[in-house]
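As C-alpha cells, the structure follows; a few thoughts come after it.
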Amino acid sequence: FKRKKIQYFWFGRQAYKPIWALQKALHAKRVLGSINDVVLFVEHDHVYTFGKNANTNLLLSTKPHNAEVVQIDRGGQVTYHGPGQLVGYPILDLHGYRKSVSWYMRTLEGVIINVLKQLGIESMRKDDFPGVWVNDEKICAMGVRIAQWVTMHGFALNVNPDMKYFDGMIPCGILDYGVTSMTNSINNSIKLEDIMSILSFEFNIIFDK
C-alpha cells in the first residue's frame, strides 16, 4: 500500500450540508482509491448536528433560533459548529496507517494537543471522553465515521466562537464539564488561517511517521 502526500483544502465559511455532501463524495472516491488522502478545513454557519444514535433531548429549547439542526452519520451526541470554530474533516484511508479506531482518535487528539502547545495552551486527553480538554473544559470536540477503513467527519477546534451557542445544548451529552475556546485560554485573537498552517504541519508530522 503506497500512501501519497496528504492534501489540504480551505473552504472558508460554508453551510453544513454542502460540505457533508462533499465529504461523502470524497469518501467514496477514497474507498475506490481514485483520490489521495485529503483534509478539508471549513468554518461553518451556525448548526447543531446529532450523531446517528444521539439523544435529541440534549438540544435544549433555550438554544438560539438561527442555527440549523442536522441529523448525520457520525457517532456521538449533539455538537455545535459555527463561526469562530475551525472544523477539520480528514478523509484518510487507514489501510495506509493503522486499522484501529482508537489509534486514529488518539492520534487526532495528539495533533490538536501539539498545535495548542505551539500556541501556548496546555491541553490534554480525558479517559473515556473523546476530544481535547483544557482542565475540565473541552476546547476541541471530535466525532468520526469510519467505513471500509476510510475516515470522515473529524474535529471542531474552538478558536473564538460565540459561547452562547454551547449553552443551548448539553455538549456531547456530558453534564459535568464545560466548554472553552482558544481566546478564553490566551486572551488574544488568532486567525483561523494561521492555526490551519500549524495544524497541517503537525498533521503531516504525526500521520506521516
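Within region 84-131, which residues are farther than 26 Å from N36 by Cα, free of Cβ contacts under 8 Å to residues at least 24 places away in the same chain and touching a helix residue (DSSP H, G or I) at 6+ places or on another chain (Cβ under 9 Å)?
Selection gives E122, S123, M124, R125.
Quick one: how many residues across region 28-55 are within 16 Å of G143 (Cα to Cα) and either over 16 Å from the mean Cα position of the chain (by Cα) or open to solvent by 70 Å² or more (accessible area, probe 1.4 Å) (or both)?
Qualifying residue count, region 28-55: 4.
State which residue pairs qualify: first residue under 14 Å from L94 (Cα atoms) and inside region 193-209, second residue open to solvent by less than 20 Å² (accessible area, probe 1.4 Å) and polar (S, T, N, Q) in any location, beta carbons under 8 Å apart, and separation of 6 or more residues or different chains.
Final answer for the pair search is I206/T107; F207/T107.
Taking the condition under 25 Å from T180 (Cα atoms), modelled with pLDDT of 90 or more and not acidic (D, E), does T56 pass?
The answer is no for T56.
If I filter region 59-68 down to residues being open to solvent by 40 Å² or more (accessible area, probe 1.4 Å) and out of contact with any strand residue (DSSP E or B) (no Cβ under 8 Å at 6 or more places or on another chain), which single residue comes out as modelled with the lowest pLDDT?
T62
Return the residue satisfying two criteria in turn: it lies in region 174-189 and is surrounded by fewer than 16 Cβ atoms within 10 Å (Cβ to Cβ) and either of a type in the set (G, A, S) or more than 30 Å from T56 (Cα to Cα) (or both), and of such residues it is modelled with the highest pLDDT.
Selected residue: G178.
Is it the case that some residue within region 97-120 is touching a Gly at 6+ places or on another chain (Cβ under 8 Å), farther than 23 Å from L192 by Cα and charged (D, E, K, R)?
Looking for residues that are touching a Gly at 6+ places or on another chain (Cβ under 8 Å), farther than 23 Å from L192 by Cα and charged (D, E, K, R), one finds none in region 97-120, hence no.
For region 1-39, give me each residue that is of a type in the set (G, A, S) and under 22 Å from Q71 (Cα atoms).
Passing the criteria: A15, A21, A25, A28.
Just to be sure I understand the filter: pairs with C-beta atoms under 6 Å, separated by 6 or more residues or on different chains, first member in region 61-74 and in contact (Cβ under 8 Å) with a residue 24 or more places away in the chain and closer than 30 Å to A25 by Cβ, second member open to solvent by less than 70 Å² (accessible area, probe 1.4 Å) and in a loop (DSSP other than H, G, I, E, B). Which pairs pass?
Once the first residue is in contact (Cβ under 8 Å) with a residue 24 or more places away in the chain and closer than 30 Å to A25 by Cβ and sits in region 61-74, its partners that are open to solvent by less than 70 Å² (accessible area, probe 1.4 Å) and in a loop (DSSP other than H, G, I, E, B) give A67/H46; R74/G51.
List every residue pair whose Cβ atoms lie under 8 Å apart, where the two residues are 6 or more positions apart in sequence or sit on different chains, the first residue falls within region 20-48 and is within 18 Å of T79 (Cβ to Cβ) and touching a residue at least 60 places away in the same chain (Cβ under 8 Å), and the second residue, located anywhere, is among the polar types (S, T, N, Q) and surrounded by fewer than 19 Cβ atoms within 10 Å (Cβ to Cβ).
Cβ pairs passing all conditions: E43/Q14; H46/N66.
Those residues that are closer than 24 Å to D194 by Cα and not in a helix (DSSP H, G or I), I need them from region 1-35; list them, please.
K5, I6, Q7, Y8, F9, W10, F11, G12, R13, Q14, A15 - these are the residues of region 1-35 that are closer than 24 Å to D194 by Cα and not in a helix (DSSP H, G or I).
Is it the case that V101 is modelled with pLDDT of 90 or more, open to solvent by 40 Å² or more (accessible area, probe 1.4 Å) and among the β-branched types (V, I, T)?
Judged against the criteria, V101 is a match.
The values are calculated or read from the model by the stated rules, or taken from the named source; none is laboratory data. What you are looking at is a predicted structure, and each value in this text was computed from that prediction instead of being measured. Every residue, glycine among them, receives a Cβ derived from its backbone with ideal geometry; neighbour counts consider all protein chains shown. Surface areas here come from the heavy atoms of the whole protein model, side chains and all, with no ligands, DNA or RNA. Shrake-Rupley method; radii C 1.70, N 1.55, O 1.52, S 1.80 Å.
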